[in-house]
């Protein structure tokens, strides 16, 4: 139900590939509207525009949805974290976040993944400094940013076709290595 | 040789000293817990030491994980709450005019302290055992307001925006009272008094509300005054005193506190809520609203972290009162501004530390006194202040004379509460900076000085004994890798070959702090779990323990899997629902791995006994020769085996007497083995500007056996982040009327990706015989180290001592100017 505190307007959006008309209250921001329509991967962690948890793609640009009026997005194509991959078929950035244990409470993670995907789209081989700069307006309280930054660098490598350097040794998620099947120093991809 | 053996080899304690302590330790009533039979080499316990994928990771990265606010779609008739808060620091509510708010279309109700649905009972919001070791000094809504942000009224409406608008139309008239903001002034006889005698129940030790004193406590081992006098009289000893000050710190929980409260089709009152303490919340709601505990159900979905701020029944009673008023489900969600101004914080403190020490570096006496600003209310006031001494002082357990005292006072500022580390960050700042200062004044190496006096395996653990008399809490340290933490940390930071920058105005230094925490609240913990087998050989694990985002549920599944002999993903974890799971005190005090994890292990072992009985029937061999592993029960003698699935089907559907294979486990103990650590900081200071750059942080941790090392590393890195903030950029400030300056992330100095230096994490494995598979807890330990290590590093680099957190470039510059002035 939209916020009825003011006048409602109809907004045309394409959300994760689906065209839809949504009703938005005048007091609503885009994050609220998206969440009301079930896109719960858009998180609200501050009172607007300061934590990065609500980041989505709006016509290919990263925006904090909580700081955007729905009207501003009228006619736009929105992509949330849910559009990137499914649990069984994750986007390489999502997979790298899982494999590098970059996820703790997870509240900030969708916004961080959106930002990371945007970075790697424009810069497939970023330095650690560039990753840190790209994520500098994404607030995370659990990880000290260490493993998320490692995850983005790992994802970049994977997307360039290199061997994963994930914390799990790049093993498939199915379980620990079997006895006698040593994972080696990097998951078997190098010769040490 | 395992890491733990290496660690004990490095122990530099002399044998005779060790023998004497052993004798002392065993001649008392030390409960010598039997060593567990589960001490296996790392490659033989792969379910424990593997980095099993965090069970909710895929849901989180696809945005499908549901936190409390994401349950709104389950309630088509959901109403939305909004709290109206005091805008004065101290006063009485004379009247509340709700008419304009109630007249708004879409408003269900406005509640005030004078309404019947709002209990006027006194309670504590602290999620602690019963009765809480915190005063009952809160009411759900407050007629007597004591800080800017106190909840006075609340609105429930059709949608959040209407609730907001209505809240702004609630008109409150106050009779203002004088306020006090400085904890030392609060002691004065003519200072405004926050609490009348009838406004507090369940008072804590040493309380004197006529002086705004919530608690005073002290404890002593030996004779500290005599030791100081004696040292003062000698040429080969001296007495050194220092003072330290720390600010408010915000938890900055990513997910603001959120509760959905409703009454279900069976007339039971249900809370979906972001809590670390579902069972304590259930009890407190029941008491407050006079409903039976059995009619209250508290469930915790995914939670956007807690760090102690959700070890509190901070908003649930308001949500429930709004639900009763509205007659439909209500969601109450805090704003970030409320998180920064009205919820919970780390207590600001002033500490004085004094030691008597010989020129050879033997400590003869330690005396620590703390003044804690509890803010307007007393939740966790005394217990947090207790931990200021009881966590760091036992790092030096052979000091013959030790005293620790504290005063916890009220001011008209927001309330301190539980926050990750729980007094230990303040205490370590005082103790570990002081120890460094002592070493430097004695011209001793700060690390060698620490190790000369530091804890070893076999020492008596004083963490409880400092404040509590009685043998019950006399115990000894059974695992301690602190020397290996120091050795490997030194190596990683390059302690012995630090290169100075070429520029003359830049100076590089390294500082170190030793660190200890606990594993649960000694003597005040209970965890419980149940395992039930499914016929396909998988299991359901029902556990009261609370995963706040740490990966605890994954860790639980690994412990159960290791016992049951199946992969962790075959264990379905159902956790932290007061209707569905056994009891647990909740996620606080670093209790989850050690207490709840051990309950899980006990439950799994109980189920394993039944598995072996059924295996014995199928294999026609005695259960004594059977074990579990690889998804089977197998015979150690014949190699015969039966899969867990075969056993599950046979036990459930077989022709013989059938049985649902179940296991129960409890864990309750007086033990709280400390995890240990060493924090290193490498810093470069610009002596012209006072600006400093952190080059690297190294944290070496002994948490016993690390269950899922990648998750453990994550705990350390996140804890260090909070500690880094505390040292460099955190803190709240207020104007002269008690109005907060910090309203959101824009004003708060939370470090971002670009503010973090390189971090290196080292896990030093020891084996704690009382822990599940040798584990101790880890989550709070790394929150304690950066402030002292950075103070020590700056001292090392440029010779000045910073004593007040956070350290700004101006502080460093001022200290350098003062030093230069002194030399002139």
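Please treat every number below as a calculation from the coordinates, not as lab data. This is a predicted model, so every value here is computed, not measured. For neighbour counting, all protein chains shown are included, and Cβ atoms are generated from backbone atoms with ideal geometry for every residue, glycine included.
Ranked for footprinting exposure by Cβ neighbours inside 10 Å, fewest first, B:383, B:474 give B:474, B:383.
Please give the length that would be gained between residue B:352 and residue B:295 if that part of the chain were fully extended, namely 0.36 nm times their separation in residues minus their C-alpha to C-alpha distance (nm, one decimal). Walk me through the numbers on the way to the answer.
Working: separation 57, 0.36 × 57 = 20.52 nm, distance 4.86 nm.
Length difference between fully extended and current span is 15.7 nm.
Cβ crowding within 10 Å ranks B:221, B:595, A:7, B:647 as A:7, B:221, B:647, B:595, fewest other Cβ atoms first.
Note on A:144-156: average number of Cβ atoms from other chains within 10 Å of each residue's Cβ is 4. Here the Kirkwood formula, the inverse mean of 1/r across different C-alpha pairs, assigns segment B:481-578 a hydrodynamic radius of 17.9 Å.
Packing around the peptides A:80-87, B:436-443, B:515-522, B:287-294, taken as the average count of other Cβ atoms within 10 Å per residue, puts them in this order, highest first: B:515-522, A:80-87, B:436-443, B:287-294.
For A:117, A:93, which order do you get if you count the other beta carbons within 10 Å of each Cβ and list the fewest first?
Working: A:117 22, A:93 29.
Going from least to most buried by this count: A:117, A:93.
Label segment A:8-83 by shape, choosing from rounded, prolate and oblate, from the square roots a ≥ b ≥ c of the eigenvalues of the Cα gyration tensor; if a/c is under 1.5 it is rounded, and otherwise prolate applies when a/b is larger than b/c, oblate when it is not.
Details: a/c = 1.55, a/b = 1.15, b/c = 1.35.
Note, shape of segment A:8-83 comes out oblate.
P(r) tail, segment B:44-126: Cα-Cα pairs separated by more than 23 Å, 58% of all pairs.
Peptide B:718-726 shows a mean partner chain C-beta count of 3 within 10 Å per residue C-beta.
Here, segment B:123-213 yields an orientationally averaged convex hull projection of 8.0 nm² when only Cα atoms define the hull.
Above 42 angstrom, tally the Cα pairs of the protein assembly as shown and express them as a % of all pairs, no decimals. Could you put the intermediate results ahead of the total?
On the way: 193381 of 515620 pairs.
Roughly 38 percent, rounded to a whole number.
Against the compact-protein benchmark of 2.2 N^0.38 Å, the Cα-based radius of gyration of segment B:692-731 scales to 1.36. For peptide A:132-143, the mean count of partner chain Cβ atoms within 10 Å of a residue's Cβ comes to 6. Shape class of segment B:448-529 from the alpha-carbon gyration tensor: prolate, with a/c at 1.5 or above and a/b greater than b/c. For a test of the definition: using alpha carbon positions, the gyration tensor, and the 1.5 limit on a/c, classify segment B:387-499 as rounded, prolate or oblate. The shape class here is oblate.
Normalised by 2.2 N^0.38 Å, where N counts its residues, the alpha-carbon radius of gyration of chain B equals 0.97. Evaluated at q = 0.16, 0.19, 0.27 Å⁻¹, the base-10 log of the normalised Debye intensity for segment A:92-159, with identical point scatterers placed on the Cα atoms, takes the values -0.41, -0.59, -1.30.
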